[in-house]
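Read the structure below first, then the notes.
The values are calculated or read from the model by the stated rules, or taken from the named source; none is laboratory data. As the structure is a prediction and not an experimental result, all values here were calculated from the model. Heads up, the Cβs are rebuilt from the backbone with ideal geometry, glycines too, and the neighbour counts pull from every protein chain shown.
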Amino acid sequence: MNSSVPIADSIRESLSLINFTPGSIALYAALAAVLPLVYTFATSSLNAGKRTKDGEPPVPPYWIPFVGHAFSLMGSLSKLHAGYRKADGRLGNPRTLFVFGQKIYFITDPTSILLMWRKGKTVVFEPMLDFMMTNLFGANDSCIKVLSVGMPGVDQTGLEGKVEWAKIIHKWYLQELNLGSTGLESLYREFIRELNLELEQKVGGDFQQVDLFAWVKKIMFPASGRALYGHKLRLDDEIARDFWKWDSGFLGLSKVYPDFLIPGVREARSRLLDEFTRWRKEVQDKAEGIDEEVGWEENLGSRLIRNRIKLNKEVFDNDDNIAHASIHVSLLWGLEANAIPTASWLVAYVLFTPGLLERLKAEVATCVEGAVEGSSLPTFNVDKLTKLPLLTAAWQESLRLGVSPISPRVVLEDTEIDGYVYKKGGMIQGLSALVHLEEEYWGKDALEFNPDRWLPYPGEDSVAATKRIRELQTKLRPFGGGTTVCPGRHFAVQEVQVLVAVLITAFEWDTMGGKVPEVDRDFVGGGGLPAKGDVKVKLRRRA
C-alpha cells in the first residue's frame, strides 16, 4: 500500500473523533438494540400481503426477531378479529406467523378450513396430543407412551406391537355415541333422569332468585357427570369448584404459565385426579362382572366408561394412578366444559329474547312424554325434540355466539391448500371462531342473537330458504372436523336441548328486567365461552 498512515493508526484516529461519554454510550447501546427491531419491522412490512418465496401465506409485520408474533397472539379473540379486518377489510386470507421459531398458519376461510380437514394424511392433530395431555390434563410419560401407539406423525420407536389404545377408543366412540346407538340412548335416559332429580331437589313451588349461569352449572355438572360415570364418582359442590377452577386456567395451562400466574389451577386439577384415582380403585373390579348388553349401571356409569376401564387395566400398571386418572379427567372436561357454558347461553337467550320463550313452549309441547321414576317432571321424545326447527335454530345461534373453536393441526409433509403451500413442521390453526362473527357471512347483526336467521323468512321461497340456510351451516363449525371431530357432539345436543325443554315446560320465570351478559371473548380457542358476569333471575315450579 502507498498510504503513509498505518491502518491501525487510521482506525485509532477515527475512534478518537467519537466522544465516548456515558450519555453517548447509552445512546449507541439503545441504537444497537433498536436497529434490529426497526430492520425486522421494515423488511416484514415490505413483504406483508405477499406470499413467501415458498408459496406460503403472507407474513404480517412483526418487530422482534425469533419472538415474532408471540405477543400479538396473547390478546383476545375480538382483537384478533379486528386485526384481520384492519389488514384486509374482511376475513378469508390465510397468514403465516412466527412464534419463537415455530411457523403457525392461520386459516379463516370456511372452505379452506374444510379442505384442511380433508388433508387427513398430511395435516394431522395427533402430534399435539403429548402437549395437551401433559400440560392441560396432567398426564405422565407412561400415559403419553400408551396414547402414542399408532399415531400419525408421532415417533413409533419402541411402540411396535403395542395396543393401539386411541384406535380402539375411537371405534367405541362411534359405537356408543353416534345417533341411533344404544349407548347414546342410555346416556340420554340417564341424563334426563339425573337432571329431573336435581331440579326436584333444588327448585320448589315458591320463587327463588338465582344467578343464572352459576345455577345452570350447579344443575348440569352432576347430572351430566353421573350419566357418563355413574354414582360412585363424587360430583358434589367441592369437586365442581375444583373443576371450574381448573377450567378457568385452561388457557394459562396451554401457554405453560407458572403457578403464580394461575394460582390454584394445578392444585385443583390434582384434586380431580385424586378423586378419579379413588373412584377407579373402588369400582374397577366390578367391570368384569357386568353383561356387555347393559348400557348403564350405577358403579361405572355408561358402557363406554366400563370398557375404557378394562382397556386401561391392560395398558397401565395398576399403581400408575396419574396415567389412569388423567385419561378420565380429559374425558370429563370434554363432557362438561363445553356443553354447560353453551347450555347457559341458550337458556339465557331463550329467557331474555322477546317472544322466544312462548314460541318454544308451544313447539316443545309436541314432544312431551311421561315422567321418570322418582320425579314428576316431564321427559321428552329425544328424536322429535332434536328436530324441532325453532329449538334447533336457537341452539345453532347459541353455538355460533358462545363457542370459540379452533382446529389445530401439524403439517407432516408440504401440503397445498386452496393455492397456498403449508410447510412440513408448521402448525395450522383453523379459526372457525372468527368465521362465526364475520359480517360478510352473517350480516350487520353478526354479534346479535337471532335464531330466525336459521329459519325460512316470511314470504321466502322454500328453495331459496333451503339454499341460504345450508350456506350458513357451512360457516358454523363448533365441533371441529375431520377425523378428530368431537365424538360427544350428539350427546351435547341432546342434553342441552332437553335441559331447555324441561326448564321452559315445567318452570315459571321472572327475568327481573335483566339482560344477557356480554360474552368473554378473551378465551381464544377455549371451547364454550364464559360470560362477563352473571344475571339474576327468579324461577319456581309451574303449578
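In the set (1) in contact with a strand residue (DSSP E or B) (Cβ under 6 Å, 6 or more places away or on another chain); (2) at pLDDT below 95; (3) among the hydrophobic types (A, V, I, L, M, F, W, C), Val123 fails one condition alone, (2). Taken as a whole, the condition of being surrounded by fewer than 21 Cβ atoms within 10 Å (Cβ to Cβ), under 29 Å from Phe100 (Cβ atoms) and modelled with pLDDT under 95 does not apply to Leu412. Screening Val463 against (1) outside the structural domain of Gln208 (by TED's automatic domain parsing); (2) closer than 30 Å to Lys86 by Cβ leaves a single unmet condition, (2). Contact map, the stretch 150-164: first residue within 18 Å of Val315 (Cβ to Cβ), second residue part of a loop (DSSP other than H, G, I, E, B) and acidic (Asp, Glu), Cβ cut-off under 9 Å, separation 6 or more or different chains; pairs are Gly150/Glu164; Met151/Glu164.
Yes or no, residue by residue, for (1) over 22 Å from the mean Cα position of the chain (by Cα); (2) aromatic (Phe, Trp, Tyr):
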| position | (1), (2) |
| --- | --- |
| Gln201 | yes, no |
| Gln208 | yes, no |
| Ser224 | no, no |
| Phe243 | no, yes |
| Trp246 | no, yes |
| Leu251 | no, no |
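Table: residues versus (1) out of contact with any helix residue (DSSP H, G or I) (no Cβ under 7 Å at 6 or more places or on another chain); (2) modelled with pLDDT under 95.
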| site | (1), (2) |
| --- | --- |
| Val350 | no, no |
| Cys367 | no, no |
| Leu385 | no, no |
| Pro389 | yes, no |
| Tyr420 | yes, no |
| Lys424 | yes, no |
| Gln429 | yes, yes |
| Ser432 | no, yes |
| Glu439 | yes, yes |
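Can you find even one residue in the stretch 438-446 that is free of Cβ contacts under 8 Å to residues at least 60 places away in the same chain, among the aliphatic types (A, V, I, L, M) and over 26 Å from Arg118 (Cβ atoms)? Yes - at least one qualifying residue is present in the stretch 438-446. Scanning the stretch 311-339 for residues that are out of contact with any helix residue (DSSP H, G or I) (no Cβ under 9 Å at 6 or more places or on another chain) and either basic (Lys, Arg) or surrounded by 21 or more Cβ atoms within 10 Å (Cβ to Cβ) (or both) returns no hits. For Gln429, the criteria (1) touching a residue at least 24 places away in the same chain (Cβ under 8 Å); (2) within 29 Å of Lys538 (Cβ to Cβ) hold in every case but one, which is (2). Residue count for the stretch 317-343 under the criterion of being farther than 16 Å from Trp279 by Cα and either of a type in the set (D, E, K, R) or touching a Ser or Thr at 6+ places or on another chain (Cβ under 9 Å) (or both): the result is 7. Can you tell me which residue is surrounded by the most Cβ atoms within 10 Å (Cβ to Cβ) among those in the stretch 165-214 that are of a type in the set (S, T, N, Q) and in contact (Cβ under 8 Å) with a residue 24 or more places away in the chain? So the residue we want is Asn196. Just a yes or no: is a residue in the stretch 98-116 over 30 Å from Ala166 (Cβ atoms), outside the structural domain of Ser326 (by TED's automatic domain parsing), surrounded by fewer than 20 Cβ atoms within 10 Å (Cβ to Cβ) and free of Cβ contacts under 8 Å to residues at least 12 places away in the same chain? No - not one qualifying residue is present in the stretch 98-116.
Among the residues of the stretch 283-310, the ones that are polar (S, T, N, Q), closer than 15 Å to Leu177 by Cα and either crowded, with 20+ Cβ neighbours inside 10 Å or more than 28 Å from the chain's Cα centre (by Cα) (or both) come to 1 in all.
In the set (1) surrounded by fewer than 20 Cβ atoms within 10 Å (Cβ to Cβ); (2) touching an Asp or Glu at 6+ places or on another chain (Cβ under 7 Å), the condition left unmet by Lys218 is number (2).
For the stretch 278-305, the set of residues classified as of a type in the set (Lys, Arg), within 15 Å of Val329 (Cα to Cα) and touching a helix residue (DSSP H, G or I) at 6+ places or on another chain (Cβ under 7 Å) consists of Arg280 only. Within the span defined as the stretch 263-276, one or more residues are on the phi > 0 side of the Ramachandran plot and surrounded by fewer than 20 Cβ atoms within 10 Å (Cβ to Cβ).
Selection over the stretch 456-509 of residues that are closer than 24 Å to Trp442 by Cα, among the hydroxyl-bearing types (Ser, Thr, Tyr) and in contact with a helix residue (DSSP H, G or I) (Cβ under 8 Å, 6 or more places away or on another chain) gives a count of 2.
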